[in-house]
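Report on the structure given below.
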Amino acid sequence: MKMDARHKLYGHTIAEHVRTVPDELSVDAVGLWQIVPAGRDGFGLSGGDLTEFVYRCVLALLERGAKPVVGGGGTKYDWILQSQYGDANEEVANSIVDEWLANGAVDPDPGGLWFALPSPYVGLEK
């Protein structure tokens, strides 16, 4: 994957995107449904390059302290931690990417997996 490839609409590079995707965490959770189309549609990635992009974005979120969650059906802050992916960041990222690939590597549903910072406001323990 060429890290200097530019987004079709916004002009930033893949490296910049991966580095800044966790910046949204201070405002809101980040969904897998946002990551995959950014790589596929925004950067024109497919196959192994798209897989690497998704992995790098997920890992960047985890390294910033985010945890994989799904909505709990209540308020937008009602998250349920998904601990089945493992403990170490690389293990979690690999498990998530493997699951995405096993499900056909399609654009995920907005109701699916998200990444949120632990906080009393999002129902996750610190």
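The values are calculated or read from the model by the stated rules, or taken from the named source; none is laboratory data. The structure presented is a predicted model; accordingly, all values stated were derived computationally and were not measured. So basically every Cβ, Gly included, is an ideal-geometry build from the backbone, and we count neighbours across all protein chains shown.
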Tell me which residues, restricted to the range 1-37, are β-branched (Val, Ile, Thr) and without any contact (Cβ under 8 Å) to a residue 12 or more places away in the chain.
13, 20, 27
Looking for something in a loop (DSSP other than H, G, I, E, B), under 11 Å from the mean Cα position of the chain (by Cα) and at pLDDT below 95 - is there at least one such residue anywhere in the range 100-110?
yes
Just the residues that are in a helix (DSSP H, G or I), out of contact with any helix residue (DSSP H, G or I) (no Cβ under 9 Å at 6 or more places or on another chain) and farther than 18 Å from residue 112 by Cα, please, taken from the range 16-51.
16, 23, 26, 41, 47, 48
When every residue in the range 1-58 that is of a type in the set (Ser, Thr, Tyr) and more than 19 Å from residue 90 (Cβ to Cβ) is compared, the one farthest from the chain's Cα centre (by Cα) is 10
